[in-house]
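Note sheet for the following structure.
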Amino acid sequence: MNLKAKLFHNRLINMHHDHVILFNRLRIQITHKRRSSVIGLSFISLWIVGYLIFALYPIAYSFYLSLFKVRLDGGAIDLTFEGFNNFAAAFLYDPYFVEILIEYVLEMLLNVPITIVFALLIAMLINQPIKGKAIFRTIFFLPVIITTGPVIRELMNQGATTLPSIESYGIIDLIITNLNQAIADPLQALFDTILLVLWFTGIQILIFLAGLQKIDKEIYEASMIDGAGPWESFWKITLPQIMPLITVIVIYTTVSMSVFSLNEVIIYIQNVMLGESTVGTLTTGYGYSAALAWIYFTVMVLIILLFVGLLSIRRRSRV
Amino acid sequence: MMKLSEVPKRVKNFPQGRAYKRLRKILFGMKFTDGLFYKVSVYALLISLSYIYLYPVLYMVTGSFMTMEDIIDVAVQWIPSSLNFVNYQIVFSEIGYFSTLFDAVYLAIVPAISATVSAALVGYGFAKFDFPFKKLLFILMIMTFIVPPQITMLPMFRMFSQYNLLGSIRAFVYPAILSNGLNAAIFILIFFQFFRMVPKSLIESAELDGANAFTIFIRIIIPLAVPSIIIVFLFSFVWYYNETYLSGLYLRGSDLLSLPLRIDQYISNFTSIYPEGSPARERMQAVKLAGNVLTLLPLLTLYFFTQRYFVESIDRTGITGE
């Protein structure tokens, strides 16, 4: 009791039942609104502290570092200001980074739409009145449980992520011989990793499925009476209703594919950071890898904006 | 005997015939979607897609039972010539499976519990109280999801090394308890959506009875939120268990290693001894697969018993619009 009195009645804070006196001077009336905002803020205070330490500070500090040449001397850190040289160097003198970055962009532009199409297809199939719905749902959600870096890498190394039947069709050869290298490369990568792409659809299928189940059945019945077939009702009813979900899924898919630990750009950034990759005589290490990470992040955000922009254009032209 | 001239007439009439109509009804139904043709294609698509999803798992499981002869033998593609557990024995004895598994579960379960507790508190704060800059803070919270760990890992790595947190589970627990761990934004969102649906009158009546906000949270809100708690904990556990990128960085060179990393390490040590193409190295493929099966087995068991919660989770995030 004594402790409680000391805690709430002192020079700094003096609490009364309808007002608080701060620093012996500032008198604040306790209203219901103020009370609730103080309680609310104290509930999220964990997150605020965490955000400052584990999000805002690292983000700001890594941007700061990206402007420097960083050398580690034991525990001390030696900074030489470089301006935007690190960023310029990535594009001018690091052909490997530029190459894998372009590859990453092309892969995203292909893989994200494919993921969405397949997720929607599978969700619509499961949403049919079929038997064994639960079994199929279990199978399609399995990747979420078992997609872990080393396991996937192992399967990739042993060729278990490419379907043998796709290779034997000779489609890939046809594409490579007939198309420009810039288009053929990501396409070939796509065929090589089609399984991996499909394995990123677990959560997306669930999102679509939940969305599909919320569409009123009566709308379909009404449209059927008016003579609409399944094809028309997909384009005119299903798609417009789940359009907002597609935006969510685009963002989720792009982010989860971009931060997946087998992404080449990510591996390269880590190697540069740990000094395991050298870029000629360039500034490597912390500063340079921070710059690379920021370039990568910017590109990722641009890809998301591009997709979201395209989706909103479609939606507007439809209205 | 039938006259020849009748034949064309019959053929011409066939489309209007009863048999044709019945066949059409069986194949395409009254409205196409209830016909046999449609059903068969739906099941065919589902089964072939399931095959694509299950292929790596099947590959892994069957491969893990293969002996060296089976791997080299081209005739043996799917079914091993005999069911042998040699590969599993290697994993068990060389890696010390159970102690590593214990470490891996410990490495996943403590951050997962921390993340669940703090996400519940923060989600409740966002859902039921009004305070200045709430919208801004909420947007910042969601934004943390899209910031790739590559941005923050350099400063975090330095910070952890300064405070001697590298190689310790605390490097994962501290961010988790402060709601900034792995995918924390999703977990906060799940709780936020759930708590928003808790009727305000319930909280107000408890307030009238003299309960303070924290008592209400513990006594009333938490018991209601059990399904959400299970979902968040399960997802958090699975993601921490599978996490190898940050743990590879923070736990580098320490004894504490997650299971995937431990098996990875053992195998890379092993393969560096033997040259490319040597029989011992060929055999490693099967051992690796056995290791992967053993890595995933705890998760698959967990998933088998709790899949209902995983499947329901999306409804609880509310992103499909309530």
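Just so it is clear, none of the values below were taken in a lab; they were calculated from the coordinates. Note that the structure is a prediction, hence the values are computed from the model and not measured. Cβ placement follows ideal geometry from the backbone for every residue including glycine, while neighbour counts extend to all protein chains displayed.
With a Förster radius of 45 Å applied to the beta-carbon distance between residue B:168 and residue A:10, the computed FRET efficiency rounds to 0.75. Under the simplified labelling scheme, the residue A:103-residue B:138 pair shows an inter-label distance of 4.2 nm, with each label point 7 Å from Cα along Cα→Cβ.
Of the residues B:298, B:132, B:178, the one whose Cα sits farthest towards the positive end of the charge dipole of the stretch B:86-317 is B:132 (charges of +1 on Lys and Arg Cβ, -1 on Asp and Glu Cβ, taken about the Cα centre). Proximity of backbone amide H atoms, modeled 1.01 Å from N, is registered between residue A:13 and A:23 at under 5 Å, excluding neighbours fewer than 5 places apart on the same chain. Label-to-label distance, residue A:225 versus residue A:35, with points set 7 angstrom from Cα along the beta-carbon direction: 5.5 nm. Ordered by the number of other Cβ atoms lying within 10 Å of each residue's own Cβ, fewest first, A:308, B:91 fall into the sequence A:308, B:91. Please say if the stretch B:107-233 is rounded, prolate or oblate, where rounded means a/c under 1.5 for a ≥ b ≥ c the square roots of the C-alpha gyration tensor eigenvalues, and otherwise the choice is prolate for a/b larger than b/c and oblate otherwise? The shape class here is prolate.
The calculated FRET efficiency for residue B:20 paired with residue B:41, based on their beta-carbon distance and R0 = 22 Å, is about 0.55. The label point for residue B:106 and the one for residue B:83, both projected 7 Å from the Cα toward the Cβ, are 3.4 nm apart.
Determine, from the Cβ-Cβ distance of residue A:114 and residue A:241 and an R0 of 25 Å, the FRET efficiency 1/(1 + (r/R0)^6), rounded to the nearest 0.05.
Numbers: r = 22 Å, r/R0 = 0.88.
It comes out at approximately 0.70.
Proximity of backbone amide H atoms, modeled 1.01 Å from N, is registered between residue B:244 and A:149 at under 5 Å, excluding neighbours fewer than 5 places apart on the same chain.
Any chance you could tell me what percent of the C-alpha pair distances in the stretch B:86-317 go past 32 Å?
The calculated P(r) of the stretch B:86-317 puts 33 percent of pairs beyond 32 Å.
Charge tally around residue A:41: other residues with Cβ under 12 Å, Lys/Arg +1 each, Asp/Glu -1 each, net +2.
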